[in-house]
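Scroll down for the structure; my scribbles are underneath it.
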Amino acid sequence: MVVASPTHQIHSEKLLAIELPTIDLSGERSAVSSLIVKACDEYGFFKVKNHGVPHDIIAKMEKEGFNFFAKPFEEKQKAELAKPFGYGCKNIGFKGDTGEVEYLLLNTNTLSVAERSKTISTDPANFRQHSSAVSAYIEAVRELACELLDLLAEGLWVPDRSVFSRLIRDVDSDSIIRLNHYPPMPMLCQDKELCKDKDSSPCNQNKVGFGEHSDPQILTILRSNDVGGLQISLNDGAWVPVTPDPATFCVNVGDLLQVGPLFSLILLSSLNVKKVEWDLMGVAAMTNGRFVSVRHKALTNSYRSRMSMAYFAAPPPDARITVPPEMISPTKPALYKPFTWAEFKKAAFALRLGDSRLGLFRMECDEQVA
């Protein structure tokens, strides 16, 4: 569930000052792919630099985002014509989730972007500028996502390295892009010593903008302005603040990548790859749930506005996620029942944001050994 946190909550939570991995994509390819797999294993999260997304494309997208959120509320509401896409404020999900955030949610289809841009701006010149900036950004981050998924497949020794990326290159891909804006949320603090340094004090980040959750898609490519607020959760319940870095993109594992080896293998079976070949190339060593989708949240800032731009890479709605019979054994049972992305998304929308989704599709013990 996403709710505004009480003022004291941030002080009672356990925070860890951990330097999260930053991977230089200009490095030697095999080393880079190994580092990506390692980061997914250990954190479900990493940053990438030398990512190939041109600075001018990023700058134009950020400019359009800030221009939109600077408009009067009545003007922004004009983009709320076709839910779930369009403008939203405070109310995040379908089940009462709320946060100190306003957002713009867009389908990544070019025609859809153009149509939504008409509701954002009635001025022809501004409409063309907005549509062009958004489309260029989507294309650039989609290419980055595809490259990362190809590197991930290589690091897992999957014979067909495009086994993941082809899902989001598909014309029917259900990928989306979301711009989140967190206005400054000044809060009174009784501890003058604690709050005398506004740039480092915990009082500078004391309300939940977007509550704890995981992303249901394959992976997320995230960019934010130079304002902190993002935190990821580790297994022991501690939260790790993510230091903002304008030179990098943040990447996190989504729910489907937690089941990712499953649907990659079903695609391999369609290519007539024999089980013995999988064994020889190390694919049989992949386990269900090897990469766990990282839970994260965003906190507001007391003094500065924060905006993030998230690209959620997703497969087509009818993409079937399952385990081929060749990969099931008494020692390596299937963890999840077969499902399509459409079925999984429907289940996700029926839950609160913080609820576990994959649990609905997890095999019971008797089913695993049947």
Of all residues in the stretch 195-250 being of a type in the set (D, E, K, R), in a loop (DSSP other than H, G, I, E, B) and surrounded by fewer than 19 Cβ atoms within 10 Å (Cβ to Cβ), the one that is modelled with the highest pLDDT: D245
Counting only residues in the stretch 53-68 that are crowded, with 19+ Cβ neighbours inside 10 Å and touching a His at 6+ places or on another chain (Cβ under 9 Å), the one farthest from I138 (Cα to Cα) is identified as F68
It is to be established whether one or more residues within the stretch 86-106 are surrounded by fewer than 14 Cβ atoms within 10 Å (Cβ to Cβ) and under 22 Å from V141 (Cα atoms). no
Only listed residue being at pLDDT below 95, within 21 Å of the chain's Cα centre (by Cα) and open to solvent by 60 Å² or more (accessible area, probe 1.4 Å), chosen from E19, E75: E19
Test: residue in the stretch 162-177 that is in a helix (DSSP H, G or I) and at pLDDT below 85: no
Looking at this structure, is V141 part of a loop (DSSP other than H, G, I, E, B) and closer than 16 Å to Q217 by Cα? no
Filter result (of a type in the set (A, V, I, L, M, F, W, C) and under 14 Å from A133 (Cα atoms)) within the stretch 94-110: L106
Identify the residue in the stretch 138-155 that is over 18 Å from M309 (Cβ atoms) and of a type in the set (G, A, S) and, among all such residues, is most open to solvent (accessible area, probe 1.4 Å). G155
Of the residues V37, V48, only one is open to solvent by less than 50 Å² (accessible area, probe 1.4 Å), in contact (Cβ under 8 Å) with a residue 60 or more places away in the chain, more than 19 Å from M309 (Cα to Cα) and among the β-branched types (V, I, T); which? V37
If you take just the helices (runs of 4 or more DSSP H) that sit entirely in the stretch 268-370, which of them hold at least 2 residues that are at pLDDT 65 or above and surrounded by fewer than 17 Cβ atoms within 10 Å (Cβ to Cβ)? 341-349
Test result for S264, modelled with pLDDT under 90 and part of a loop (DSSP other than H, G, I, E, B): no
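The values are calculated or read from the model by the stated rules, or taken from the named source; none is laboratory data. Quick caveat, the model's predicted, so the values are computed rather than measured. Backbone-built Cβ (ideal geometry, glycine too); neighbour counts: all protein chains shown. Side chains are part of the model used for accessible areas, which takes the heavy atoms of the whole protein and leaves out ligands, DNA and RNA. Shrake-Rupley method; radii C 1.70, N 1.55, O 1.52, S 1.80 Å.
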